[in-house]
Each structure stands twice: as structure tokens, then as C-alpha cells.
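Enquirer: Dropping a structure here in C-alpha cells format, bear with me for questions.
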Amino acid sequence: MIAHHVLFWLKADTTEDQKNAFRKGLESLENIEVVKTFHIGTPAPIERAVVDTSYTFSLILFFEDLAAHDVYQVHEIHKAFLDQFRVLFEKVTIYDAN
């Protein structure tokens, strides 16, 4: 099992309409056949020194194995998402774990 956790920081001038479109773009990634588990989130209202709430969106995907992860990376839906929304990213951090 591979966990793919992506944290997105959108640019400060991103509008609510753009954020809504971005979320719909994230939702489209669930349609990639190798995605086993899927979750989109925003920072929870938890205030602790070790909790980072500075990001805009969190995406967590689980894949059966590394081969499935690799299929996802080059999938047309994933590429379309990046092509459309990359301009909104201020920062992206990815954590992959097995």
C-alpha cells in the first residue's frame, strides 16, 4: 500500500470561485481507476504547536502498490488537473509512504 499525501498552499489572491473550482479539480482525481482510497480536506480547527494549519487543501490518496502510484502520476486526469490548476499553487508538499 502506498499513501500519497499532498498539501497545497494556494496563492493569497485566489478567489473563492477559484478555490471551489480547485476542489472540483481535486475531486476529479478520484476517477482514476488505481485510486483505492481518497480524501480531500482543509485544516481542522485544532490548535497545537505541532499541527500545521497553514495549507489550503490536503489530498490523501492510497494506492495498492508503487506501480499503481506510477500509473496515477502519468494519468490524463492527473495531467489535466495539473495543467489547469498549477497556476494557483504557491507551494505544494508531498509525502509518500509505504
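Taken together, the values in this text are just the output of simple stated rules run on the coordinates, not laboratory data. Everything numeric in this text was worked out from a predicted model, so none of it was measured. Note that each Cβ is placed from the backbone with ideal geometry, even for glycine, and that neighbours are counted across all protein chains shown.
Enquirer: Among the GluC sites (Glu not before Pro) within region 1-82, which fall in a DSSP loop and have no more than 16 other Cβ atoms within 10 Å of their own Cβ?
Expert: Glu33, Glu47, Glu64
Enquirer: Run the simple label-point estimate for Glu30 and Lys11 please: 7 Å along Cα→C-beta, distance reported in nm.
Expert: 2.9
Enquirer: Give me the percent of Cα-Cα pairs in the chain that sit more than 18 Å apart, rounded to a whole number.
Expert: Of the Cα pairs, 47 percent sit more than 18 Å apart.
Enquirer: Output ³J(HN,Hα) for region 92-97: one whole-Hz value per residue in order, computed from phi by the Karplus curve 6.51 cos²θ - 1.76 cosθ + 1.60 with θ = phi - 60°, and x for Gly and Pro.
Expert: Per-residue couplings from phi come out as 9, 10, 10, 10, 10, 9 Hz.
Enquirer: Round to the nearest 0.05 the FRET efficiency obtained for Phe89 and Met1 when R0 = 25 Å and r is the Cβ-Cβ distance.
Expert: 0.40
Enquirer: With a cap of 16 neighbouring Cβ atoms within 10 Å, and only residues DSSP puts in a loop, list the trypsin sites (Lys or Arg not before Pro) found in region 27-98.
Expert: Counting only loop positions with at most 16 other Cβ atoms within 10 Å, the trypsin sites (Lys or Arg not before Pro) in region 27-98 are Arg48.
Enquirer: Each label point is 7 Å from the Cα along the Cα-to-Cβ direction; what then is the distance between the points at Lys19 and His39, in nm?
Expert: 2.1
Enquirer: Each residue of region 7-12 in turn: what ³J(HN,Hα) in whole Hz from Karplus with 6.51, -1.76, 1.60 and θ = phi - 60°, glycine and Pro shown as x?
Expert: 10, 10, 10, 8, 4, 4
Enquirer: Find how many whole Å separate the alpha carbon centroid of region 61-86 from the alpha carbon centroid of region 26-60.
Expert: 15
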